[in-house]
1. Would you mind checking the pairs LYS20/LYS248; LYS26/LYS91; LYS61/LYS276 and listing those with alpha carbons more than 24 angstrom apart?
2. Would you mind putting 265-275, 460-470, 229-239 in packing order, based on average other-beta-carbon counts within 10 Å, highest first?
3. Step through the residues of segment 206-214 one at a time and calculate ³J(HN,Hα) from phi using the Karplus curve (6.51 cos²θ - 1.76 cosθ + 1.60, θ = phi - 60°), rounding each to whole Hz and writing x for Gly and Pro.
4. At each listed q (0.13 Å⁻¹), what is the log10 of I(q)/I(0) that the Debye formula gives for segment 334-463 modelled as equal alpha-carbon point scatterers?
5. Where the accessible area of segment 1-102 is counted over protein heavy atoms with a 1.4 Å probe, how much of it, in %, is carbon and sulfur?
6. With 21 Å as the limit, write out which pairs from LYS246/LYS368; LYS237/LYS333; LYS333/LYS523; LYS231/LYS368; LYS215/LYS368 have Cα-Cα distances beyond it, or answer none.
7. Report the rotationally averaged projected area of segment 467-541 based on its alpha-carbon convex hull, in square nanometres.
8. Taking all protein chains in place and a 1.4 Å probe, what share, in percent, of the accessible surface of segment 467-541 do carbon and sulfur account for?
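The values are calculated or read from the model by the stated rules, or taken from the named source; none is laboratory data. Just so it is clear, the structure is predicted and the values come from calculations on it, not from any experiment. Here the Cβ positions follow ideal geometry from the backbone for every residue, glycine too, while neighbour counts run over all protein chains shown. Heavy atoms of the whole protein, side chains included, go into the accessibility calculation; ligands, DNA and RNA do not. Shrake-Rupley method; radii C 1.70, N 1.55, O 1.52, S 1.80 Å.
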Amino acid sequence: MVKSKVLNNFTFFIIPATPKRLHNIKQSAYESAGAQVIDTLEDEHTPSHIVLVNKEWTYAKVLAYLKVDELPKLTRVVKDEWVSRCIENGKVVEIGADDEILPTTVVKNEPQAEPSEIKQEDKDKFEVLPVKTEESNESDESEYRSNHENTEEPTEKKRKPARDHRKQTGKTRKLTWDSVLLSQPHKVEKTESGNPNQLVIDIFSHLENHYTAAKDTFRALAYRRAVATLKQETDRKITTAEEAIKLKGIGEHLAEQLQEIVETHHSERLDYFHSKVENVALEVLMGIYGVGPAKARRWVGEGVRTLEDALARPDLTPQQRIGIEHYDDFNTKMPRAETQQHFEIVKTVVQKLDKDTIVECMGSYRRKEEFCGDIDIIITLPIGLEPDTEKALVRLREVLLNTVVILAKQGFLTCALTGPDPLAYDYNVSRILDAVGSFDRWYGASTVPSNYGVWRRIDLLIVPPDEIGATRLYFTGNGLFNRTIRLLAQHKGFSLTQHGLFRDVARGKRREKLSEGLLVESKSEHRIFDILEIPYREPEERSM
Ligand code: DCP
Ligand code: CA
């Protein structure tokens, strides 16, 4: 594997420090190419270059941001494109006139803005568009949604050839559905920090992203499984390949990579990925809400490298624009207590509107994880209360819509991403219903007083009462657990979706579904486990 060390002699200080995720990705790419990246400007750390991510900043703004009157004599302020070109070319290329910000660009009387003011200015550059109500036709919107709706195991066609599979796993054991679901469940890891294997987890997660972007589902899955296993190892540090290979879901190759990371604090494979500017860009773009691997690949192919470039795309949807404006918000997990605050606010309003409703918070929150990526709420009625499913859905839809209107007026809901935007209809429920008709989900963002201004992703979903068991199972996850239990169901001749457990599903040559089959169970989560002949697992035992 080639390990480019083109930036060996450089010490970089990257500004601005936000969005944090973008900053981290750049840092990792620069370090892979040999640069030292520092985050304080102390005497012993004189940067050779200040790397400017925001192209439009003046020298004065840089000084104001760094809270200094002048920079060390030899420190140059360059745009990140120059660094990218060096990495791309495998050598240090000349700094062009457009690449460097020189002190002569100082405007004498320009106010010395505080970092916070600059942040605001930065924000102002984003033109805030009203959120459209009609659902976007964008393939990537549906790509995102299909991620959430995909209840079927991918067919063989979508997978990588079996040859890759053997190459990856060698002769080592595989993680099979039965070994996982029948074995004693692990106690879930309760915190994100404090895991002695965190560095390996981080690097493997990066690699998973890369393989997902490269459509190499099988390798992506291998890394995801390894991450899941390492997250359980909260009490001991795995340091050798021999130890690693004994763990569930870690084969020969990944075990060797683990040892390499422990010994060198680096992964050749990740360094190699990051040595390609396109790969770094791909990872950045895939962090935007509503941008899936397909769109990210297309944009990168057309020269998009930064969030700013993405903002200038004519095919950027309003939802993706919000995704860029709130890039860090949406990419940072929130503490469980904050998820609970969002949930309680919604639950109170829903149950005030209809005291019969059942309101539950699913996903990582139900699995009792300490940190949650978003808030997944389902709303339904008790089984049998409204036997006509259509009537139940009409009742629930009205409750959902009223809830959205009330909470948007209060400023709790901050934008609509999928589903009607109450603002566009003057908060008028009947007008919305006339215009939108039927819908069963509303995706958006919300903010709570204790952390006002930080937007969290929130999904509100209405569920037919009879499907509550299957829906609970699906939305509790985690994704890997769902995949495993679906495989088990298939192996036993069933098909499991978020709507129910079915049998006699006709399948084609590639295992694709040809018919829905007969419903076996959808009301009770426990019954689904029973029928599949696996011991019931509490939600907190489903984090794999
Ligand atoms: N889900 C799934 N497959 C997908 C997307 C979702 O099976 N492609 C299921 C399992 C997830 C649940 O839906 O656990 C909720 O989806 P989230 O993406 O919100 O995942 P989590 O709540 O588990 O994690 P996070 O804390 O990151 O939100
Ligand atoms: Ca979630």
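1. Working: LYS20/LYS248 33 Å; LYS26/LYS91 18 Å; LYS61/LYS276 30 Å.
Too far apart for the 24 Å limit: LYS20/LYS248; LYS61/LYS276.
2. Numbers: 265-275: 19.3, 460-470: 21.6, 229-239: 16.9.
Packing proxy ranking, top to bottom: 460-470, 265-275, 229-239.
3. Calculated HN-Hα couplings, in order: 4, 5, 4, 4, 4, 5, 4, 4, 7 Hz.
4. -0.50
5. Details: 2410 of 5100 Å².
Ligands and nucleic acids excluded, carbon and sulfur reach 47 percent.
6. Details: LYS246/LYS368 27 Å; LYS237/LYS333 24 Å; LYS333/LYS523 31 Å; LYS231/LYS368 15 Å; LYS215/LYS368 31 Å.
Too far apart for the 21 Å limit: LYS246/LYS368; LYS237/LYS333; LYS333/LYS523; LYS215/LYS368.
7. Values: hull surface 18.4 nm².
For the Cα atoms of segment 467-541, the hull's average projected area reads 4.6 nm².
8. On the way: 1600 of 3330 Å².
Roughly 48 percent, rounded to a whole number.
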